[in-house]
Ligand code: SF4
Ligand code: SF4
């Protein structure tokens, strides 16, 4: 007898065993089932305060197989892939990998990728960096530039831009 699908009483969504299986294959040894919901990943998440990113919730939904909700939602795009959650996890779950795998599933399913990702990609292709050089503000509201931090003002650029783009794209393709 086939087992009944799990039902999320908050959203009325049912679990998707096939999608869950596909996710487990990609994640390998970083099994979301090992998560015991300590939320250590979330308390260290760089995006939690600004983007309301709660990696333990995403891992939990993935663990329960409620993939559709994640793939079609905004939560998976809030992560900035700093990998802190994965370093902090006592259970060798890799929330950052869960985010990446879900994003790939979303793209394969035709979901809309937030505009900021294309801008970041363009920036890397053009300069080799994710962001332009910026002033930073300290906790005591002092502003620092590279000059006031005694850093070289000119930052190195790829010497051969075309070659850089080629290698970068080949690396990206190899990752997914
Ligand atoms: S740190 Fe690891 S075990 Fe704890 S909630 Fe996050 S994923 Fe689960
Ligand atoms: S990798 Fe993503 S989810 Fe993990 S701590 Fe960094 S921003 Fe948060």
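Structure values in brief
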| quantity | calculated |
| --- | --- |
| Crossing angle, helix 17-27 versus the chain [Cα axis fit, 0-90 degrees, rounded to tens] | 40 degrees |
| Gain in span if fully extended, residue 104 to residue 155, counting 0.36 nm per residue against the direct Cα distance | 15.1 nm |
| Computed over region 115-175: relative contact order in percent, which uses C-alpha pairs under 8 Å that are six or more apart | 25 percent |
| Exposure proxy order (Cβ contacts within 10 Å, fewest to most) of 113, 93, 26 | 113, 26, 93 |
| On Cα atoms only, tilt of 115-127 relative to the major axis of the chain in degrees | 40 degrees |
| Folded to 0 to 90 degrees: helix 95-108 orientation relative to the chain principal axis, Cα | 80 degrees |
| Order by protection proxy (mean Cβ within 10 Å, highest first), peptides 29-37, 134-142 | 29-37, 134-142 |
| Order of 155, 67 - criterion: other Cβ atoms within 10 Å of each residue's Cβ, fewest first | 155, 67 |
| Theoretical FRET efficiency, 1/(1+(r/R0)^6), r = Cβ-Cβ of residue 121 and residue 31, R0 45 Å, to 0.05 | 0.90 |
| Residue-span extension gain [residue 43 to residue 162] - 0.36 nm each, minus C-alpha spacing | 38.8 nm |
| Relative contact order computed over the chain (Cα-Cα under 8 Å; 6+ residues apart), in percent | 17 percent |
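Just so you know, all these numbers are worked out from the coordinates, no wet-lab data involved. Keep in mind the model is a prediction, meaning the values are calculated, not measured. Neighbour counts are summed over all protein chains in view; Cβ atoms, including those assigned to glycine, are modelled from backbone coordinates with ideal geometry.
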